[in-house]
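The values are calculated or read from the model by the stated rules, or taken from the named source; none is laboratory data. Predicted, not measured: the structure shown is a model, and the values here were computed from it. Cβ atoms come from the backbone with ideal geometry, glycine included; neighbour counts cover every protein chain shown. Areas reflect the complete protein model, heavy atoms only, side chains present, ligands, DNA and RNA absent. Shrake-Rupley method; radii C 1.70, N 1.55, O 1.52, S 1.80 Å.
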Amino acid sequence: MRHHLQGIGMTSQRTRDRLVERLSREGITSEAVLEAMREIPRHIFVDEALASRAYENTALPIGYGQTISQPYIVARMTEILLRDGPLRRVLEIGTGSGYQAAVLARLVAEVYTVERVDALQRKARRRFRELGLRNIRLKHCDGKLGWPGYAPFDGILATAAPVEIPPALLAQLAPGGRLVCPVGRRGGQRLVLVARTTQGFVEEVLEPVSFVPLMTGER
Ligand code: SAH
């Protein structure tokens, strides 16, 4: 059990440290984000057959046509979300493997995460339990609708790309809050940061990215 969590060989702490060094070389500057990624064992979030590849800087399949995001992009989105200071309550759209939510759980007080594929979310829930992460709430639903019951959020992070930012997500952002979301069709997506001020929404278009599409409805 301990070995399973801590990892050995290709899944060891040393391998994790090397990934974090690489992220730092590639431009991730937030020490808090790097530390969280040093701590969370990514190999727990992929199937056993792929565990030896968990610390490569690459996206990996998690079933149902979905992928666990590339470590660099997890680090980058988290860093952008937290750039202007700590956040208390963060909503993630697209739980997937649960890895991004687990990283967030080390950095903010409360994580809320929604996923449309029930089977993926069940696995994620088990992983959070195994790692003793108790500040993550999960819900099986269409993430385009956000999670009105716990709104407003200080931060919202989407890990699947809509063609346009769903209005419900903007509505559930607290004043002073920040939303990070990949936007656009496959092949032409950009990362977008929206800050909600007392005057309204301020949008910043950042780098090109490649995410699975944000679907409509549950399955
Ligand atoms: N954050 C995940 C990335 C998973 S990929 C991780 O760290 O592993 C994106 C996820 O978004 C997929 O699991 C997909 O099923 C989910 N998704 C796509 N459209 C959705 C929607 N409308 N509502 C909720 N989840 C959605």
Using only helices, what value at 222 nm comes out for the chain when you add -39,500 (n - 2.57) per DSSP H run of length 4 or more and divide by the total residues, to the nearest 500 deg cm²/dmol? -8500 deg cm²/dmol
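With the other protein chains left in place, how much accessible area per residue, in square angstrom, belongs to the chain at a 1.4 angstrom probe? Could the numbers behind the result be given before it?
Numbers: 10360 Å² over 219 residues.
Accessible surface, normalised per residue, equals 47 Å².
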Average projected area of the Cα convex hull of the range 154-204, in nm²? 3.2 nm²
For the chain, the percent of accessible surface on carbon and sulfur atoms (probe 1.4 angstrom, ligands and nucleic acids excluded) is 50 percent
Ranked by GNM mean-square fluctuation in the chain (Cα springs under 10 Å), the top entry among 132, 85, 94 is 85
What do you get for the angle between helix 118-130 and the principal long axis of the chain? Use alpha-carbon atoms, 0 to 90 degrees, nearest ten. 60 degrees
Count the DSSP beta bridges whose two residues both fall in the range 111-218, then state the antiparallel fraction as a percent rounded to the nearest 5. 55 percent
Over the chain, what is the relative contact order in whole percent, taking alpha-carbon pairs under 8 Å and six or more residues apart? 15 percent
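Suppose every Lys and Arg Cβ carries +1 and every Asp and Glu Cβ carries -1, with no other charges. What dipole size does the chain come out with about its Cα centre, to the nearest 20 debye? Don't skip to the end; give the middle numbers.
Values: 31 positive and 23 negative charges, 110 e Å.
In total the dipole reaches around 520 debye.
With both bridge residues required to lie in the chain, what share of the DSSP beta bridges run antiparallel, to the nearest 5%?
Details: 16 of 35 bridges.
Around 45 percent antiparallel, to the nearest 5.
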Each residue of the range 213-219 in order: what ³J(HN,Hα) in whole Hz does its phi give by Karplus 6.51 cos²θ - 1.76 cosθ + 1.60, θ = phi - 60°, with x for Gly and Pro? x, 6, 8, 9, x, 8, 9
Please compute the Cα-Cα pair-distance distribution of the range 1-105 with 10 Å bins starting at 0, giving whole percents from short to long. 15, 50, 31, 5
Which whole-percent values make up P(r) of the range 60-208 when all C-alpha to C-alpha distances are grouped in 10 Å steps starting at zero? 12, 45, 36, 6, 0
